[in-house]
Structure formats: structure tokens, C-alpha cells
Amino acid sequence: MRGQDEQLARDVAEMQRRQKDMAQGIDERVRRFEPVKVNLDGREFNAEPAEKRDYDAAFAQFRKPDYAAAANAFADFVRRYPQSGYGPTALFWLGNAEYATKDYKEAVTHFRSLIAAAPEHPKAPEAALGLANSQIELKDTRAARKTLEDLIKVYPQSEAAVAAKDRLSKLR
């Protein structure tokens, strides 16, 4: 009897271990489909796993630096996830990737989109500076001057405002 009791106790313990392992496996699989909490540029939001993966892949292209691929990846991201919490930051990096590939007209478009959609976003002052730089490259000094003046007025405490003052003095 004692031997049977010990065998049954081992069997129960083994079954409990397997059940715990299965529960952990199910939890891990379900977690892949649940939204994840993301903290980006001082803002916290929930993102779908595919959304996070696509943003991270686009940003990895930018960091390589493969700016043409990054521009395509960020443009695709913005198109696929128009309501994403990553949206303003994706527009910022899209504008920078386009600036790096000398596609200044598209950079202007995307920097303006960021500033219009999220003027309080932490990247907005840098986007305004990128907008002015793109306008300078397009030889539109009047628009660049206005953009730099607006940047200094709207974001006076930003690092971008310091750079804007320097650029503005060189434009005159």
C-alpha cells in the first residue's frame, strides 16, 4: 500500500508540473496577441504586437543607416497604422529619412503633418527645425525664415530654438 501511495503521489506531482507548464505555454502564446504597453518620447500608450514589431523594424532600418528603406518602412507604417500612438514619432523619423535621401518636398509634407497633428509632441520642435532645413534645401528662404521664427516663438525653451536662432541669423 505504501508503495502505491508513493507512486500515486509522484504521479499527481508530475501531472501538476505538466499542467503548470501547459498553462505557462498558453499564457506566452496569448501574450503575443495582447496589446503591449509602450513608453516612447515620454508618452505611454498601448500597441498591438505587430504594430510594435513594424515600428521597431522601420527604426532599425533608420539606424543602419539605410534611409531609403527606412523611409519606405515608415511610410508603410503610417499608412497601415493611422491611429497609432507611434504615429507622430513615425512621421518625425519618416521626415528625417526623406531629408537624408534628399527628398525634401516629402520631408516638408511629413514634418508639417507631425506639427499639425501633434504640436505638443516632444519631437515637434525638432520637426519644425527639420521643416526649415528642408525649406532651405528647396531654396524657399522666406518660408524657412517664417518656420524658424515660429519655432522660436512656439518652442522658446527647446534645443531646436537655439539652433533656429543660429540658422535664422545666417539666413539674413
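The values are calculated or read from the model by the stated rules, or taken from the named source; none is laboratory data. Model, not experiment: these values are computed from the prediction. Cβ: placed from backbone, ideal geometry, glycine included. Neighbour counts: every protein chain shown.
Within region 4-52, restricting attention to residues that are of a type in the set (Val, Ile, Thr) and closer than 25 Å to ASP76 by Cβ, the residue that is farthest from the chain's Cα centre (by Cα) is VAL36. All conditions in (1) modelled with pLDDT of 90 or more; (2) in contact with a strand residue (DSSP E or B) (Cβ under 9 Å, 6 or more places away or on another chain) hold for LYS64, with the sole exception of (2). Comparison of SER134, SER84 shows that the only residue that is crowded, with 22+ Cβ neighbours inside 10 Å and either without any contact (Cβ under 8 Å) to a residue 40 or more places away in the chain or assigned to a helix (DSSP H, G or I) (or both) is SER134.
When the residues of region 150-163 are filtered to those that are over 16 Å from PHE111 (Cα atoms) and without any contact (Cβ under 8 Å) to a residue 24 or more places away in the chain, which remaining residue is surrounded by the most Cβ atoms within 10 Å (Cβ to Cβ)? Looking at residues that are over 16 Å from PHE111 (Cα atoms) and without any contact (Cβ under 8 Å) to a residue 24 or more places away in the chain, I get ILE152.
Taken as a whole, region 118-128 holds at least one residue that is closer than 22 Å to ALA60 by Cβ, at pLDDT 95 or above, in a helix (DSSP H, G or I) and among the acidic types (Asp, Glu).
Listed here are the residues, each with its yes/no results for (1) part of a helix (DSSP H, G or I); (2) touching a His at 6+ places or on another chain (Cβ under 7 Å); (3) modelled with pLDDT of 90 or more; (4) over 30 Å from GLU106 (Cα atoms).
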{"position": "ARG10", "(1), (2), (3), (4)": "yes, no, yes, yes"}
{"position": "ALA13", "(1), (2), (3), (4)": "yes, no, yes, yes"}
{"position": "ASP27", "(1), (2), (3), (4)": "yes, no, no, yes"}
{"position": "VAL30", "(1), (2), (3), (4)": "yes, no, no, yes"}
{"position": "ALA60", "(1), (2), (3), (4)": "yes, no, yes, no"}
{"position": "ALA70", "(1), (2), (3), (4)": "yes, no, yes, no"}
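The C-beta contact set for region 26-45 (first residue farther than 19 Å from PRO122 by Cα, second residue of a type in the set (Gly, Ala, Ser), distance under 8 angstrom, 6+ apart or interchain) comprises PRO35/ALA47; VAL36/ALA47.
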